[in-house]
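Colleague: Please read through the structure below; I'll follow up with questions.
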Amino acid sequence: MAHLKKALYQAHALAQSVVKAGDAVIDATMGNGYDTLFLAQLVGENGRVYAFDIQELALQRTHQRLQEAGCLDRCRLILEGHQHMDKHVEEPVKLVMFNLGYLPKGDHSIGTRYETTRQAVEKALGLIADDGLVILVVYYGGDSGFEERDQILAYLNGLDARKYSVMKTEFINQINCPPLLIAIEKNLPD
Ligand SMILES: C[S@@+](CC[C@H](N)C(=O)[O-])C[C@H]1O[C@@H](n2cnc3c(N)ncnc32)[C@H](O)[C@@H]1O
């Protein structure tokens with residue numbers, strides 16, 4: 001078995017190390033609901049998952065997945081752009097997870113976009129608890145293009161280093177643009 005795991009696997013491992021039963025978390029890009037279900041299982045029956053998408057199809061698929069797994073009651077599925085997450089979430093959250101790109105088995109032209117992603121990351125940084133984490137799995141190339149990746153990296157590069165630590169993990173010699181992983185945490189005073 002390979003020791004170097006893909007970005008999504010590493011994102012889930014990071015989430016597992018941060019999120020505890022009973023926590024509130026946000027899935028900023030619901031899509032087909034795989035991450036929403038993963039987070040719902042992590043927070044347990046007393047936790048909450050706020051999940052966002054702009055496509056009705058994503059809500060339908062996620063609703064079904066959660067219902068089949070018996071995890072629907074702890075999840076709020078919200079049909080609105082993640083850049084408005086602060087309108088729906090009124091408590092600190094342990095984790096905000098983004099999975100950038102388009103809906104698999106959906107319309108490839110309705111993907112995440114830099115401007116709204118940046119706004120959403122800003123909101124996410126305002127919502128996470130002091131010991132919380134923002135995670136982005138960034139799909140790029142092909143139908144997603146490189147624009148959003150390049151712009152979001154430029155934005156994150158400029159985040160105040162006194163306030164935040166930003167980590168990027170990527171394979172540098174693989175073909176087909178494997179997704180990259182970004183994690184952001186707040187720097188706390190010693
Ligand atoms: C790569 S998919 C997410 C996959 C998902 N995490 C899963 O487990 O199946 C990206 C999703 O982001 C959604 N999206 C695009 N712009 C958005 C926005 N402004 N706010 C919320 N979701 C958005 C797309 O509709 C798409 O379903």
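Colleague: For the range 57-116, enumerate the residues that are more than 9 Å from the ligand (Cβ to nearest atom), within 16 Å of the chain's Cα centre (by Cα) and under 23 Å from P178 (Cβ atoms).
Modeller: Matches in the range 57-116: L95, V96, Y114.
Colleague: Continuing with the same structure: Select from the range 117-154 the residues that are touching a residue at least 40 places away in the same chain (Cβ under 8 Å) and over 17 Å from the mean Cα position of the chain (by Cα) and write down the one among them that is nearest to E80 (Cα to Cα).
Modeller: Going through the qualifying residues, I end up with D143.
Each value in this text was obtained by applying a stated rule to the coordinates, not by laboratory testing. For clarity, every value in this text was computed on a predicted model and none was experimentally measured. Glycine also receives a Cβ, built like all others from the backbone with ideal geometry; neighbour counts cover every protein chain displayed.
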